[in-house]
Amino acid sequence: MSISTGPVRPPTDFQEALSKPLILASASPRRRDIMRQAGLPFVVRTSAAEQELDTATGRQTQDASGIDTADNTAACFALKAARLKAVDVAGDCPGRLVIGADTVVSVDSYLLGKPIDDSDAVRMLRLLSGRSHQVITALVIAYSDGSTVRLASEDYVTSVVVFRPLNDREIYQYVESGEPMDKAGAYAIQGLGGSLVDRIEGSYLNIVGLPVDKLVAMLHTLGWSLQEAKESQPSDEVH
C-alpha cells in the first residue's frame, strides 16, 4: 500500500469518512479518557508500529535530525512516531479517519520517552528537578481509500512544565509507586506526579497526552461532523 503526503482529495468515500466515528490508533488509557470526556465518538485500534527513534534512555537531539533547536527536533520525532501509528492502522481501516498521537518530553538537548526501568525513571526525574522542560504532543490524521494511505492533517502542541526542586527521597518514593513507568518523562501530571510540578504554561491536556482542542480544530478544518459521527456510531463501538 502506498502513502501520500499531499493534500487529501475529496472522493466520495473520503466524504463518507467525515461522517463516521474516529479511530484512535493508541493504546493509551489517558488519550482514550480525554476523547471520551470530550464527547468524541471513536473506537480504539492499537498500532503495531514501533518508534524508529529510541528516546527511552534519552539521546542528544542534535543526533536525531541535525536540527540544533531541541523543541523543533522533539516535534519532528513526535510527528514521525505519530505518522507511523496513524499510517499503520489506516492501512487496515479504509474509509475511516485515523488519529495517531505521540508525546515526548524535551529538556536541554535530550528527548525523554518512557523509562525502561526504575533506574532510568530516577535519572529522568533528577534531570527534570527544579527546572523547566517542554512537553510536545504530535497529532496526525490519516485516511486510506483501500490502496493509498493519505496524511490528511498533522500538527503539534508544546507546553512548558516547571518542576519544583526534588530530593532523592521524593524521587525514589514516587518511582516506587510505579506511576512513572509508562509515562513520557517518567511522571503523570494528572496523578501523583502532579505534586512534583510547580507550574505549567500552555495546554494541560497536552501534557496528559492529547490536546483535544487542537484535534477538534484539525477535524473541523477537514469537514468532519461530530453530530453525524455520533449518529452513525454502531453500539459496539460506543466508548
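The values are calculated or read from the model by the stated rules, or taken from the named source; none is laboratory data. If you're wondering where the values come from, they're calculated on a predicted model, not measured in any experiment. In this analysis, Cβ positions are derived from the backbone assuming ideal geometry, glycine residues included, and neighbour counts consider all displayed protein chains.
Given the criteria surrounded by fewer than 24 Cβ atoms within 10 Å (Cβ to Cβ), at pLDDT 95 or above and either part of a helix (DSSP H, G or I) or among the charged types (D, E, K, R) (or both), does GLN134 qualify? Write out each step before concluding.
Details: surrounded by fewer than 24 Cβ atoms within 10 Å (Cβ to Cβ): yes; at pLDDT 95 or above: yes; either part of a helix (DSSP H, G or I) or among the charged types (D, E, K, R) (or both): no.
The answer is no for GLN134.
Select from the range 95-138 the residues that are of a type in the set (Ser, Thr, Tyr) and closer than 30 Å to VAL43 by Cβ and list them in ascending order. It would help to see each step written out before you state the result.
Initial filter on the range 95-138 (of a type in the set (Ser, Thr, Tyr)): 103, 106, 109-110, 119, 129, 132, 137.
Correct list: THR103, THR137.
Residue check, MET218 against (1) under 28 Å from LEU166 (Cα atoms); (2) in a helix (DSSP H, G or I), all met but one. Which one?
(1)
Working carefully through the options ASP198, ASP182, ASP155, find the one that is touching a helix residue (DSSP H, G or I) at 6+ places or on another chain (Cβ under 8 Å) and among the charged types (D, E, K, R).
Details: ASP198 fails: touching a helix residue (DSSP H, G or I) at 6+ places or on another chain (Cβ under 8 Å); ASP182 fails: touching a helix residue (DSSP H, G or I) at 6+ places or on another chain (Cβ under 8 Å).
The match here is ASP155.
If you go through the range 106-124 one residue at a time, how many are hydrophobic (A, V, I, L, M, F, W, C) and either over 12 Å from MET181 (Cβ atoms) or over 21 Å from the mean Cα position of the chain (by Cα) (or both)? If you could, list the steps in order and put the result at the bottom.
First pass over the range 106-124, keeping only residues hydrophobic (A, V, I, L, M, F, W, C): 107, 111-112, 116, 121-122, 124.
Add one more test, that the residue is either over 12 Å from MET181 (Cβ atoms) or over 21 Å from the mean Cα position of the chain (by Cα) (or both), and what stays is 107, 111-112, 122.
The qualifying residues number 4.
Can you tell me which of VAL175, VAL149 is modelled with pLDDT of 95 or more and either touching a Gly at 6+ places or on another chain (Cβ under 7 Å) or not in a strand (DSSP E or B) (or both)?
Details: VAL149 fails: modelled with pLDDT of 95 or more.
The match here is VAL175.
Of all residues in the range 53-103, which are at pLDDT below 90 and of a type in the set (Val, Ile, Thr)?
THR55, THR57, THR61, ILE67, THR69, THR73
I want to confirm something. Restricting to the range 16-43 and keeping residues that are closer than 17 Å to GLU231 by Cβ and at pLDDT below 90, which single residue is surrounded by the most Cβ atoms within 10 Å (Cβ to Cβ)?
ALA17
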